[in-house]
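So the structure is just underneath, and the comments pick up after that.
The values are calculated or read from the model by the stated rules, or taken from the named source; none is laboratory data. Please read all numbers here as calculations on a predicted model, not as lab measurements. Cβ: placed from backbone, ideal geometry, glycine included. Neighbour counts: every protein chain shown.
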Amino acid sequence: VEPNAFTGAQLDRASDGRRRDRSWLEAQVDDPRARVLLAGTAGVSMRDGRLHYVPLATAPPGIEAPVLLGIDSEGPLFALDEGPPIQEGTRPPLIGWAGRLGEPAASAEERVPLREAVGALRQQEGGVLAYAAGMINWHRSHRFCSVCGAPTVAGEGGEIRHCDRCGTDHHPRLDPVVIMLVVDHDRVLLGRQHGWPEKRYSALAGFVSPGESLEEAVAREVGEEAGLEVGQARYVASQPWPFPSSLMLGFTVPWTSGEPGGSDPELEDARWFTREQIEFASRLEASWDGKAADGVEVLLPPRLAIARRLIEHWLDPTVPSERG
Ligand SMILES: [Zn+2]
């Protein structure tokens with residue numbers, strides 16, 4: 001099975017207790033092979049289509065200590081937030097976020113926004129990118145304790161943030177999101193949000209709520225967004241989505257009753273498409289902001305998004321059980 005974009009980092013994350021050993025951590029920093037990936041508000045450091053690492057010893061000062069991502073075949077690998085510094089009292093910008101929803105891309109030499117970067121990188125570097133971006137964004141947005149409000153400090157090589165005042169250890173946050181294709185024999189339901197490129201449709205998706213299984217979240221979201229009732233969801237694949245901290249959990253789910261017409265104000269439209277319409281659209285390359293050519297009824301998401309993966313899984317003639 002072809003892996004999804006933003007996965008495949010070939011790293012030993014050293015999450016087995018070594019990080020709690022101060023002398024081990026110091027040895028990673030002092031290792032002459034140690035390299036660092038620079039990333040900041042403008043994006044991630046790339047050169048010639050690859051992530052660009054610099055020796056840790058020559059790295060510029062970051063806005064915090066470098067985060068130890070782990071150990072790869074060439075030694076310790078760190079990520080460093082190169083800033084610019086966060087303005088007190090403001091919401092820190094997310095790294096590599098530019099380019100989303102028509103925002104202009106940040107301009108900085110050899111710094112590339114995440115969406116653009118992951119489309120250009122080889123698989124395992126895409127995994128490192130998602131990991132580094134997720135960690136830096138988490139550090140940026142968790143500088144204060146969510147329990148007592150005091151400043152927090154990074155520990156264990158950046159794997160936690162600790163509050164000295166109330167003693168809480170904070171761990172990197174992930175937000176589970178279910179994303180699902182509602183299928184009914186040779187038709188599939190897709191939706192579009194306000195502000196998307198014309199004719200762009202994708203799988204329905206939503207955050208999982210506390211006290212809810214993934215299957216329950218699938219059924220609730222389909223009901224809210226499209227007004228349909230569905231049967232038993234089947235898991236297909238997952239994908240980290242570092243915008244800023246989602247984990248996409250992909251399903252197909254059979255339609256059982258109802259017609260499209262939900263109450264979710266974010267959704268502009270949800271409708272059925274035929275297998276022929278989707279097959280035709282799947283032969284076209286899609287970019288994030290691409291326009292649909294004349295005569296094209298639906299513009300699918302780009303190939304690096306799990307929504308596209310779910311659609312191609314449904315189209316795959318070797319997967320007959322996914323026809324609903
Ligand atoms: Zn605290």
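Report whether or not Val253 is among the hydrophobic types (A, V, I, L, M, F, W, C) and under 25 Å from the mean Cα position of the chain (by Cα).
yes
Could you give every pair whose Cβ atoms fall below 8 Å, whose first residue belongs to region 1-21 and is in a helix (DSSP H, G or I), and whose second residue is of a type outside the set (Val, Ile, Thr) and loosely packed, with under 15 Cβ neighbours inside 10 Å, counting only separations of at least 6 or pairs across chains?
Partner pairs satisfying both residue conditions: Arg18/Trp24.
For region 79-104, which residues satisfy the criterion of being crowded, with 19+ Cβ neighbours inside 10 Å, of a type in the set (Asp, Glu) and at pLDDT below 95?
Glu82, the sole residue that qualifies.
Would you point out which residue out of Gly223, Gly211 is away from the ligand (no atom under 16 Å from the Cβ), outside any loop (DSSP other than H, G, I, E, B) and more than 20 Å from the chain's Cα centre (by Cα)?
Details: Gly211 fails: outside any loop (DSSP other than H, G, I, E, B).
Testing whether each residue is away from the ligand (no atom under 16 Å from the Cβ), outside any loop (DSSP other than H, G, I, E, B) and more than 20 Å from the chain's Cα centre (by Cα) leaves just Gly223.
Please go through region 165-208 and give me each residue that is away from the ligand (no atom under 16 Å from the Cβ), farther than 19 Å from Thr256 by Cβ and not in a strand (DSSP E or B), ordered by number.
Those that are away from the ligand (no atom under 16 Å from the Cβ), farther than 19 Å from Thr256 by Cβ and not in a strand (DSSP E or B): Pro172, Leu174, His194, Gly195, Trp196, Pro197, Glu198, Lys199, Tyr201, Val208.
Looking for something under 15 Å from Ile179 (Cβ atoms) and in contact with a helix residue (DSSP H, G or I) (Cβ under 7 Å, 6 or more places away or on another chain) - is there at least one such residue anywhere in region 216-226?
Looking through region 216-226, none of the residues is under 15 Å from Ile179 (Cβ atoms) and in contact with a helix residue (DSSP H, G or I) (Cβ under 7 Å, 6 or more places away or on another chain).
Report whether or not Pro76 is away from the ligand (no atom under 16 Å from the Cβ) and either at pLDDT below 90 or among the acidic types (Asp, Glu) (or both). Steps first, please.
Values: away from the ligand (no atom under 16 Å from the Cβ): yes; either at pLDDT below 90 or among the acidic types (Asp, Glu) (or both): no.
So Pro76 fails the test.
Restricting the search to region 19-39, which residues are surrounded by fewer than 16 Cβ atoms within 10 Å (Cβ to Cβ) and either in contact with a Leu (Cβ under 6 Å, 6 or more places away or on another chain) or not hydrophobic (A, V, I, L, M, F, W, C) (or both)?
Of everything in region 19-39, those that are surrounded by fewer than 16 Cβ atoms within 10 Å (Cβ to Cβ) and either in contact with a Leu (Cβ under 6 Å, 6 or more places away or on another chain) or not hydrophobic (A, V, I, L, M, F, W, C) (or both) turn out to be Arg20, Asp21, Arg22, Ser23, Glu26, Asp30, Asp31, Pro32, Arg33.
Can you work out which of the residues in region 134-157 that are in a strand (DSSP E or B) and within 13 Å of the ligand (Cβ to nearest atom) is farthest from Gly89 (Cα to Cα)? I'd like the intermediate steps shown before the answer.
Of region 134-157, the ones in a strand (DSSP E or B) are 144, 151, 153-155.
Checking which are within 13 Å of the ligand (Cβ to nearest atom) leaves us with 144, 151, 153.
Numbers: Phe144: 12, Pro151: 13, Val153: 18 Å.
Step by step, filter region 134-157, then rank; the result is Val153.
Just to be sure I understand, how many residues within region 269-285 are touching a residue at least 60 places away in the same chain (Cβ under 8 Å) and either closer than 11 Å to Tyr201 by Cβ or crowded, with 17+ Cβ neighbours inside 10 Å (or both)? Walk me through it before giving the result.
Kept after step one, since they are touching a residue at least 60 places away in the same chain (Cβ under 8 Å), are these residues of region 269-285: 269-275, 278.
Pick out the ones that are also either closer than 11 Å to Tyr201 by Cβ or crowded, with 17+ Cβ neighbours inside 10 Å (or both) and you get 269-273, 278.
Residues in region 269-285 being touching a residue at least 60 places away in the same chain (Cβ under 8 Å) and either closer than 11 Å to Tyr201 by Cβ or crowded, with 17+ Cβ neighbours inside 10 Å (or both): 6 in total.
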